[in-house]
Structure formats: C-alpha cells, structure tokens
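A.B. asks: The structure follows.
The values are calculated or read from the model by the stated rules, or taken from the named source; none is laboratory data. This structure is a prediction, so every number in the text was calculated from the model and none was measured. Cβ sites come from the backbone with ideal geometry, for glycine too, and all protein chains shown count toward neighbours.
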Amino acid sequence: MYRYVITLAILLSCTLAASEMDLKVMSFNVRYGTAMDGDNAWPHRKDILVNTIKKYAPDIIGVQECLVFQADYIVEKLPEYRWFGVDRDVSGKGEMTAILYQHDHFIPIETGHFWLSETPDVPASKSWDTSLTRMASWARFHNPETNSWFYFYNTHLDHRGEEARAQGVAVIADHIATLPEASPVILTGDFNAYAQNSRPYEVAMEKGLLDAWTTAKERVGSKQTFSSFKDPEPDKDARIDWILYRGSITVFQCETVLYNENGRYPSDHFPIHATLHIK
C-alpha cells in the first residue's frame, strides 16, 4: 500500500480541535478517453466535461475510467484542481480511480491505493471472478481554513464478476474500518450494481456505510446514472454510481447531474454531486 506523509507541521495542526465544514463532492465516471465512441469520443466531449465540473465546482471529485491525459486536461483547463492516482495495472497507461481536489482549500495529508483482491497490498492483484484488475484510491484531506479533516475513497467495481463486486466492497469497507471510529469518510464510485437491489449495496450497508442519495434532505435528477450518452429514461431506477459515507455527516442535497450541451453529454455516465456538512 502506497502512503505518503506531507509534513509534520500539517499533521500536528490536525491534532487541534477540528471545526465543522460544508463540502461538495462528485463521483464521475468520465469514460476512458481512447474509446472509439464516434461523435461522443473524448475530443468531442472533453470541454463539456470540463464545463460540467466548472458549473458545480465540487471540492473533491472521484473519477473512474480516467486516463492520465484526461486528468491532465481537466487540471489544465481548471487549474484550481490537482489530481493524484495510479493506474490499476501499474503500467502507466491504464485506467485510474483518480481523485481531484481544490488545492487552495484542501491538502492531502496522506494518500494511498490498494487493490480489490485477497492481497490488496499487492499492486495489480486480482481475485474471485473479476474480469479486470480493480482498485481503490484514498486520501486524508485537511482544510486549514476550518481545521477540518476527512477521508475520501474512490473506486470502480468489476462490470462482470458478481462475487468480485461484493468482495470488493468488503475490502474497501474493511480498510475504512481500520480508521479511527469518529473519522468522517466519503466513498465515491462506479459500483456496476444497482443501489438497494444488489449484494454489493447490501454489503456496504451491512458494513455501516450510508447512501447519500437515500439520506439526502433533497434529491435532484434521475435515478438512472448510466445512459450510454443518451437522455435518461423517465422513472427508471438504475443507480450504479453512488456516494457513500460514514460518520458525522449530513447530506443536504444529492443530485444526478444531467448537464449537457445541445444534447451531448460529458460521459456515458451521469455524474453524482452531493452537498455535505461535516461535523
């Protein structure tokens, strides 16, 4: 497991009494940038994607299927963000579960990665019936303005292996369980499983995680989060992209973002945006 400690001074500052803070987070499967998607290929939608992020201005974003050149493009156009991540196969060329953050307000005190397998500390390891290597990235963030801190995780579960999806959620939840009990934790991801109607979702709830969509004081947008670049189907309940959390967090609003430009969407998934309050 990779882990980096920034400075002793920052760590010491986090021992002071923490204050409350509001936080905007987003989960966004950006669709890998080399896909042969015709009119919806990356060059035709990359600025729509940037405009989506700019419109909502989330503090932290968990992106899935992201390639290095896509993350670099986003921060080039939106320099208020920085990103970190590693590709799942550790080849330097593959998809990442990268995390983007507004660097003027948030400092990643620690960052790390682990793989969704029976040997999570082994890079690129695979287990169960997974079709592809799967992983999670995480960070402990500090906001110096409020002296608040929280943990943020991001993942992308397998699209074929049912056992791998359930076990993958368990690996992440077990990692979260090693943190101090009072720690606020947020988990974003493309879970490739329907919320409230799948074993991965059941495992997440059994492990003490909560669903921002179901607990939000206000819900906006569709219950469908994968659309293949099309408009959502009315009344379709198919949430496979979730924002989960643990700890003293209140969810004011959770939204399935339907932003598009002239009918063209930024990705084949709708991003999920949540406004939170951390106590």
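A.B. asks: Any residue at all in the range 231-250 that's closer than 19 Å to Leu157 by Cα, under 14 Å from the mean Cα position of the chain (by Cα) and assigned to a loop (DSSP other than H, G, I, E, B)? Quick ask: steps written out before the conclusion?
C.D. replies: Taking the range 231-250 as the starting set, the residues that turn out to be closer than 19 Å to Leu157 by Cα are 238-245.
Checking which are under 14 Å from the mean Cα position of the chain (by Cα) leaves us with 240-245.
Okay, now just the ones that are also assigned to a loop (DSSP other than H, G, I, E, B), so 240.
Yes, there is a match, as at least one residue in the range 231-250 is closer than 19 Å to Leu157 by Cα, under 14 Å from the mean Cα position of the chain (by Cα) and assigned to a loop (DSSP other than H, G, I, E, B).
For every residue, the table says whether it meets (1) touching a Leu at 6+ places or on another chain (Cβ under 8 Å); (2) farther than 30 Å from Arg199 by Cβ; (3) among the β-branched types (Val, Ile, Thr).
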{"site": "Val75", "(1), (2), (3)": "yes, yes, yes"}
{"site": "Leu116", "(1), (2), (3)": "yes, no, no"}
{"site": "His142", "(1), (2), (3)": "no, yes, no"}
{"site": "Phe150", "(1), (2), (3)": "yes, no, no"}
{"site": "Gly161", "(1), (2), (3)": "no, no, no"}
{"site": "Gln167", "(1), (2), (3)": "yes, no, no"}
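A.B. asks: Would you call Arg88 closer than 19 Å to Ile278 by Cα, in contact with a strand residue (DSSP E or B) (Cβ under 8 Å, 6 or more places away or on another chain) and of a type outside the set (Val, Ile, Thr)?
C.D. replies: On the way: closer than 19 Å to Ile278 by Cα: no; in contact with a strand residue (DSSP E or B) (Cβ under 8 Å, 6 or more places away or on another chain): yes; of a type outside the set (Val, Ile, Thr): yes.
No: the conditions fail for Arg88.
A.B. asks: Only one residue in Glu218, Glu181, Glu255, Glu206 is of a type in the set (D, E, K, R), out of contact with any strand residue (DSSP E or B) (no Cβ under 6 Å at 6 or more places or on another chain) and modelled with pLDDT of 95 or more, so which one is that? Steps first, answer last, please.
C.D. replies: Working: Glu218 fails: out of contact with any strand residue (DSSP E or B) (no Cβ under 6 Å at 6 or more places or on another chain); Glu181 fails: modelled with pLDDT of 95 or more; Glu255 fails: out of contact with any strand residue (DSSP E or B) (no Cβ under 6 Å at 6 or more places or on another chain).
Just a single option satisfies the conditions, and that option is Glu206.
To keep it simple, each residue is scored yes or no on (1) hydroxyl-bearing (Ser, Thr, Tyr); (2) under 25 Å from Val90 (Cβ atoms).
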position	(1), (2)
His113	no, yes
Ser117	yes, yes
Trp128	no, yes
Thr133	yes, yes
Phe141	no, yes
Thr146	yes, no
Trp149	no, no
Val171	no, yes
Asp174	no, yes
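A.B. asks: Same structure, new question: Could you tell me which of the residues Arg140, Arg160, Arg165, Arg134 is in contact with a Phe, Trp or Tyr (Cβ under 9 Å, 6 or more places away or on another chain), farther than 18 Å from Ile99 by Cβ and modelled with pLDDT of 95 or more?
C.D. replies: Arg165
A.B. asks: Considering only residues of the range 20-47 that are closer than 17 Å to Asp190 by Cβ and polar (S, T, N, Q), which is surrounded by the fewest Cβ atoms within 10 Å (Cβ to Cβ)?
C.D. replies: If we take residues in the range 20-47 being closer than 17 Å to Asp190 by Cβ and polar (S, T, N, Q), then Asn29 is surrounded by the fewest Cβ atoms within 10 Å (Cβ to Cβ).
A.B. asks: Of all residues in the range 253-273, which are crowded, with 23+ Cβ neighbours inside 10 Å and in a strand (DSSP E or B)?
C.D. replies: Once the filter is applied, which keeps residues that are crowded, with 23+ Cβ neighbours inside 10 Å and in a strand (DSSP E or B), the range 253-273 yields Cys254, His269, Ile272, His273.
A.B. asks: Does the range 73-90 hold any residues that are acidic (Asp, Glu) and either touching a helix residue (DSSP H, G or I) at 6+ places or on another chain (Cβ under 7 Å) or not in a strand (DSSP E or B) (or both), and which are they? Full working, then the answer.
C.D. replies: Start the filter on the range 73-90 by keeping residues that are acidic (Asp, Glu), which leaves 76, 80, 87, 89.
Of everything in the range 73-90, those that are acidic (Asp, Glu) and either touching a helix residue (DSSP H, G or I) at 6+ places or on another chain (Cβ under 7 Å) or not in a strand (DSSP E or B) (or both) turn out to be Glu76, Glu80, Asp89.
A.B. asks: Please enumerate the residues belonging to the range 48-94 that are on the phi > 0 side of the Ramachandran plot and surrounded by fewer than 15 Cβ atoms within 10 Å (Cβ to Cβ).
C.D. replies: Correct list: Ala57, Val90, Gly92.
A.B. asks: Can you pull out the residues in the range 59-72 that are assigned to a loop (DSSP other than H, G, I, E, B) and among the aliphatic types (A, V, I, L, M)? It would help to see each step written out before you state the result.
C.D. replies: Initially, the range 59-72 is screened for residues assigned to a loop (DSSP other than H, G, I, E, B), giving 59, 65, 67.
Leu67 - this is the single residue of the range 59-72 that is assigned to a loop (DSSP other than H, G, I, E, B) and among the aliphatic types (A, V, I, L, M).
A.B. asks: Next question. Select from the range 102-118 the residues that are of a type outside the set (D, E, K, R) and closer than 17 Å to His156 by Cα and write down the one among them that is farthest from the chain's Cα centre (by Cα).
C.D. replies: Pass one, the range 102-118, residues of a type outside the set (D, E, K, R): 102-103, 105-109, 111-117.
Among the residues that remain, those that are also closer than 17 Å to His156 by Cα are: 112-117.
Numbers: Gly112: 14, His113: 13, Phe114: 14, Trp115: 15, Leu116: 15, Ser117: 19 Å.
Per the stated criteria, the residue is Ser117.
A.B. asks: Taking only pairs six or more apart or across chains, which ones have beta-carbon atoms under 6 Å, a first residue in the range 215-230 that is in a strand (DSSP E or B), and a second residue that is hydrophobic (A, V, I, L, M, F, W, C)?
C.D. replies: Arg219/Cys254; Gln224/Ala238; Phe226/Ile240
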